[in-house]
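Shown next, in structure tokens, is the structure this report addresses.
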Amino acid sequence: MEFSEKINQLKERVINLKDSVQTEEAAKNALIMPFLTTLGYDVFNPLEVVPEFIADSRLKKDEKVDYAILKDGKPIILVECKKVDSDKLDVKKHAGQLFKYFTACKAKFIILTNGIIYKFFSDIEETNILDKDPFFTFNLLEYKENQLETLSEFCKENFDIEKAYSNAGDLKYIKQFEDVIENEYRTPSDDFVKYLINKSGVYDGRVTEKIIEKHKRTTVEAFNLFMSKVMKTSLDFSIAAKQEEKSGKNEVVTTLEELEGYAIVKCILHGDIDINRITYRDNTSYCNVLLDDNIRKTICRLYFNRSQKYIAFLEGTKEHKYPIESINAIFDFSENIKNKINEFLAVK
């Protein structure tokens, strides 16, 4: 069985059991041990996985970390477990405990988990000093496909401590860079806008505060256009190809324009919601863009099967249609799209 299939089975297990798991011990037995088994470790072999591993420090005795994964008799990965109701896994709350275990055991990695969320830590910023933030977080209920590759590096058959440590550093800095890029996308800083103006050569004179302020909106629009191109490129066009093959059978055909429009909606909602929850459902008249693949949660409708294109929004059973000149004009309705998401999220 492929690793992705095993993780998906584990996800189903979590969905079925999480509401019944009330204690830390229950989380260990029902969720965390199966997770370690999925990574290929024999949880019943004390030469490989040791429960209640002694992590005494110079200042305090009788300290024990929940699990230690061993290699050649030495701990390489520590696992500290919490109850499932600790859904946010507050790192600050457990930082002192993690720091002590990491320092005492000399392991290179420590995982904080509640059986659903797994936060991976190491000492990337300063040797032998545990970082304050995880370099990788894996949520069994919300993971993305590209995260499986990172997780698979911690499987027994793949684990190479030097390679894993090197990749951990890359992940940490990538995440930090991503945060900077997202902040610049949402609220461009003066320095960033000035950099773009100078780099692009669009202005020959002195770049004043007034010019910078003027081009902040330009910067956001440029980001939007760039992201829509990226999203469009990353779409699985094989879906469209398969639909086109069916066109001779009078079946619904999802066009590339509709897929691009769908990608722009996802781009607009990036950072506000897990975009994996955004789906589409096509029919002969229009393409529905949905939340959670639920037709009762229609974000918008795209009427692209005619010369005049429209985007439409529903208020109850009433539909409001707006003509648009081009697909990129969907960005002009960003507020409408975000309001629909907020409307759905507000309903419990």
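The values are calculated or read from the model by the stated rules, or taken from the named source; none is laboratory data. Worth saying up front: this structure is predicted, and the values here are computed from it rather than measured. So basically every Cβ, Gly included, is an ideal-geometry build from the backbone, and we count neighbours across all protein chains shown.
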Flag if Val65 is aliphatic (A, V, I, L, M), within 23 Å of Glu157 (Cβ to Cβ) and surrounded by 15 or more Cβ atoms within 10 Å (Cβ to Cβ): no
When restricted to Ala27, Ala55, the only residue of a type outside the set (Phe, Trp, Tyr), modelled with pLDDT under 90 and on the phi < 0 side of the Ramachandran plot is Ala55
Within segment 155-169, residues among the basic types (Lys, Arg) and over 18 Å from Asp123 (Cβ atoms) come out as Lys156
Restricted to segment 249-278 and to residues being crowded, with 20+ Cβ neighbours inside 10 Å and small (Gly, Ala, Ser), the residue farthest from Leu345 (Cα to Cα) is Gly261
Does segment 279-294 contain any residue that is under 28 Å from Lys144 (Cβ atoms), out of contact with any strand residue (DSSP E or B) (no Cβ under 9 Å at 6 or more places or on another chain) and buried (at least 19 other Cβ atoms within 10 Å of the Cβ)?
-> no
Filtering helices (runs of 4 or more DSSP H) wholly in segment 130-238 for at least 2 residues that are under 30 Å from Phe35 (Cα atoms) gives 145-152, 161-186
